[in-house]
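Only one structure is covered here, and it is reproduced in the block below.
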Amino acid sequence: MLKDKMRWSQMLMLVMMLALVLAGCGGGSASSTESNSGAKTDSKNRIQLTLWHNFTGEDLRAKAMRGIIEQFKQNHANVDLQIQAIPPDAYRQRLKAVAAANEMPDVFIMHPGTIAKEFSAAGLIQPLDELLNSNQAWKDGYMPNSFDDFTFDGKIYSAPMGLSPTSILYYNEEMLADNGLTVPKTWDELLHAVKTLKSKNIIPIALGNKAPWLAQSSILSSLADRVTGTDWFLKAVAQDGAKFTDPEFVKALGHLQELATVGAFQDGFNAIDTTQMEQLYSQGKAAMFIEGGWAVTNLAASAPQEILDSTGVAVLPSIPGGKGDPNSVSGAIGVGPALSSKIEGEKKKVAEELVFALAGPDAQKTTLEANQLVSFKVELDKSKVNPLFAKLYELVNEVKRTPVYDSKLTSGATEAVNNGLQELLLGGKAEDIAKKIQDAQEQGLKE
């Protein structure tokens, strides 16, 4: 009996000691609570924050942005930053999927124009005016019209992190010269270059249109503007005095199809992505490719020095009889961070600090020095960038900027263009594709 009492006494003391330890560690509360601000915190007031971005590559800009995010984590020991890094080609679709379920990340990288407009109209994101106005030097540091593609009903929903000319003709000057060619400035010169290079078993223009936005954003947006002019396009977008079935747009589609017909692109161009396209150029198998300004960071990180040294940049050639300005390039304000409409309180304050870290003045300077154009007033130190980027910087500052198709069209019409161009480049009828685009834009404006 005495032994039993001793065992019971020892067990009781052990339970009491354990209770004291637990009370000291947890303060008598649950390990995770929901604060009045809506932020999840544990016993140490840690804030759970989700971030989605598409800076997944090994280019200089992607590395720089991941570095900024890592620094933010180090500077905010009380924040559990849960990151999803999604490759660019899949990013928009993943974002649209969570938007449809109203399960947006707390902070995410958002494209300007149509997708931003749709997210704001659906109440999925919240304005950044308060944050911008509390940092007036930051807001005033942007170039004129920088916020236009993120502004809806008088409210600003993101702060641009870059400037994206989408239609740059990259060319190997040495390869062209070896074949008696110069960079083509007219449509006839381009067709002549294509036929000459094709006869030498050189890919004239590498194309990676597996994710079908490339032909639309990087080729058609500039090429069509050469033919129709910008005013016509904006009227067709608004369905106010112009339609995508008009002869000038069908003609623009015909010019793009002509490139495929004369063999400008390599076989299987709809089956490879932009990285593989750039590799064809970097390996010296292609004389040219057409992509946005962001390709410079990829080339600077991966192309052999001899290729980089021989690479030049230009705008697309002029089109005979075209109504558009040939000294122009399609482009848009770059992506920017957005805030979910659901976050508030302390969690919102931390999320705003992350937005500022991603798009504030220091980030703009870092971005520029990572060979990515910005719409923020930062003086370029050419000693800190690749010479090819310096060439791009000079080119973009000498030409006019025209709209990118997917920054203005409805989502349905953008999809119709993207899919239609894949079909067009394989021999589809231009008139039929134009009608699909017209029908989609008309329907999208009604929804």
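The values are calculated or read from the model by the stated rules, or taken from the named source; none is laboratory data. Small disclaimer: the values here were computed from a predicted structure and weren't measured. Virtual Cβ from ideal backbone geometry, glycine too; neighbours counted across all protein chains shown. For accessibility, only protein heavy atoms count, side chains too; no ligands or nucleic acids. Shrake-Rupley method; radii C 1.70, N 1.55, O 1.52, S 1.80 Å.
Could you check the spin-label model distance between residue 58 and residue 383? Points 7 Å from the Cα along Cα→Cβ, value in nm.
Placing both labels 7 Å along Cα→Cβ, they lie 3.0 nm apart.
Using helices alone, I'd like the mean residue ellipticity at 222 nm for the chain: each DSSP H run of four-plus residues gives -39500 (n - 2.57), total over residue count, nearest 500. Could the numbers behind the result be given before it?
Details: 20 runs with 216 residues, N = 447.
Taking each H run of at least 4 residues, the total per residue is -14500 deg cm²/dmol.
With a cut-off of 8 Å between alpha carbons and a minimum separation of six or more residues, what is the relative contact order of the range 272-430 in percent?
Working: 106 pairs, mean separation 41.4, N = 159.
RCO, the range 272-430: 26 percent.
So I have (1) 50, 25, 21; (2) 36, 28, 24; (3) 35, 28, 21, and one of them is semi-axes √(5λ) of the Cα gyration tensor in Å calculated from this model. Which one is it?
The value matching this structure is (1).
With θ set to phi - 60° and the Karplus curve 6.51 cos²θ - 1.76 cosθ + 1.60, what are the ³J(HN,Hα) couplings of the range 324-337 in order, to the nearest whole Hz, using x for Gly and Pro?
So the J values, rounded to whole Hz, are x, 7, x, 8, 8, 9, 5, x, 8, 4, x, 5, x, x.
Report, ordered by chain and residue number, the aspartates and glutamates lying within cross-link reach of residue 185, taken as a straight Cα distance under 14 Å and ignoring same-chain residues fewer than 8 apart.
Of all the aspartates and glutamates, those that pass the test against residue 185 - Cα under 14 Å, at least 8 places apart if same chain - are 173, 325.
Would you mind checking the pairs 243/400; 63/155; 400/429; 243/323; 251/285; 155/377 and listing those with alpha carbons more than 20 angstrom apart? The partial results should precede the final answer.
Working: 243/400 24 Å; 63/155 31 Å; 400/429 32 Å; 243/323 16 Å; 251/285 31 Å; 155/377 22 Å.
Table pairs above 20 Å Cα-Cα are 243/400; 63/155; 400/429; 251/285; 155/377.
Which angle between 0 and 90 degrees, to the nearest 10, do you get for helix 2-26 versus the longest principal axis of the chain when only C-alpha atoms count?
The helix 2-26 is inclined about 40 degrees to the chain.
With charges set only on the Cβ (+1 for Lys and Arg, -1 for Asp and Glu), what does the dipole of the chain come to about its Cα centre, in debye to the nearest 20? Please list the in-between numbers first.
Numbers: 43 positive and 53 negative charges, 241 e Å.
In debye, rounded to 20, the chain gives about 1160.
For the range 154-183 and the range 213-228, what is the separation of their Cα centres, given in Å?
13
In whole Å and largest first, what semi-axes does the C-alpha gyration tensor of the range 214-357 yield when each eigenvalue is scaled by 5 and square-rooted? Provide the component values of the computation, followed by the final result.
On the way: eigenvalues 207, 146, 38 Å².
Its equivalent ellipsoid spans semi-axes of 32, 27, 14 Å.
With charges only on Cβ, +1 for K and R and -1 for D and E, what is the dipole size of the range 87-203 about its Cα centre, in debye, rounded to 20?
Numbers: 10 positive and 15 negative charges, 81 e Å.
For the range 87-203, the charge dipole is close to 400 debye.
What percent does the relative contact order of the range 78-182 come to when contacts are Cα pairs within less than 8 Å and at least six residues apart? Before the final figure, lay out the partial values.
Details: 50 pairs, mean separation 21.9, N = 105.
Here the relative contact order equals 21 percent.
Angle check, please: helix 88-100 long axis (alpha carbons) against the longest principal axis of the chain (alpha carbons), in degrees 0 to 90, nearest 10.
Once rounded, the angle reads 60 degrees.
Carbon-plus-sulfur fraction of the accessible area of the range 226-363, 1.4 Å probe, in percent?
Details: 2460 of 5050 Å².
With neighbouring chains kept in place, the figure for the range 226-363 is 49 percent.
In a shell of Cβ-Cβ distance under 12 Å around residue 261, excluding residue 261 itself, what net charge do Lys and Arg (+1) and Asp and Glu (-1) give?
My count for the surroundings of residue 261 gives +1.
On full extension of the chain, what length is gained from residue 84 through residue 192, given 0.36 nm per residue of separation minus the C-alpha to C-alpha distance? Could you put the intermediate results ahead of the total?
On the way: separation 108, 0.36 × 108 = 38.88 nm, distance 4.61 nm.
Stretched fully, the residue 84-residue 192 segment lengthens by 34.3 nm.
So what is the relative contact order for the chain, in percent, with contacts set as C-alpha pairs under 8 Å and at least six apart? Before the final figure, lay out each step's value.
Numbers: 762 pairs, mean separation 108.1, N = 447.
Here the relative contact order equals 24 percent.
Sequence-distant or interchain residues sharing an amide H contact under 5 Å with residue 163, placed H: which?
334, 373, 374, 375
Over the chain, with a Gaussian network built from C-alpha contacts below 10 Å, which listed residue (179, 270, 386) shows the highest mean-square fluctuation?
179
Roughly speaking, what is the stretch gain from residue 432 to residue 153, that is 0.36 nm per residue apart minus the C-alpha to C-alpha distance, in nm to one decimal?
Details: separation 279, 0.36 × 279 = 100.44 nm, distance 3.56 nm.
Length gained between residue 432 and residue 153: 96.9 nm.
Along each of the three principal axes of the Cα atoms of the range 112-226, give the extent in whole Å, ordering the values from largest to smallest.
For the range 112-226, the Cα spread along each principal axis is 59, 31, 22 Å.
Simple spin-label model, 7 Å along Cα-to-Cβ: residue 323 to residue 130 in nm?
Placing both labels 7 Å along Cα→Cβ, they lie 4.6 nm apart.
Which net charge results when you count Lys and Arg as +1 and Asp and Glu as -1 among the other residues whose beta-carbon is under 10 Å from that of residue 299? Display every interim value, and only then the final one.
Values: positive: none; negative: 59, 278, 291.
Here the charged neighbours net out to -3.
Starting at the first residue of the range 250-266, write each ³J(HN,Hα) from the Karplus equation 6.51 cos²θ - 1.76 cosθ + 1.60 with θ = phi - 60°, in whole Hz, x for Gly and Pro.
4, 5, 4, 4, x, 5, 4, 5, 4, 4, 5, 5, 7, x, 5, 9, 6
Could you work out how far apart the two model spin labels at residue 70 and residue 199 are, taking each label as a point 7 Å from the Cα in the direction of the beta carbon, and quote it in nm?
Between residue 70 and residue 199, the simple spin-label model gives 5.2 nm.
Which is farthest toward the positive dipole end of the chain among 417, 359, 100, measuring Cα position about the Cα centre, with Cβ charges +1 (Lys, Arg) and -1 (Asp, Glu)?
Sorting the options by dipole projection puts first 100.
Assuming R0 = 35 Å, what is the FRET efficiency of residue 271 and residue 235, from their Cβ-Cβ distance, to the nearest 0.05?
Values: r = 36 Å, r/R0 = 1.02.
About 0.45, to the nearest 0.05.
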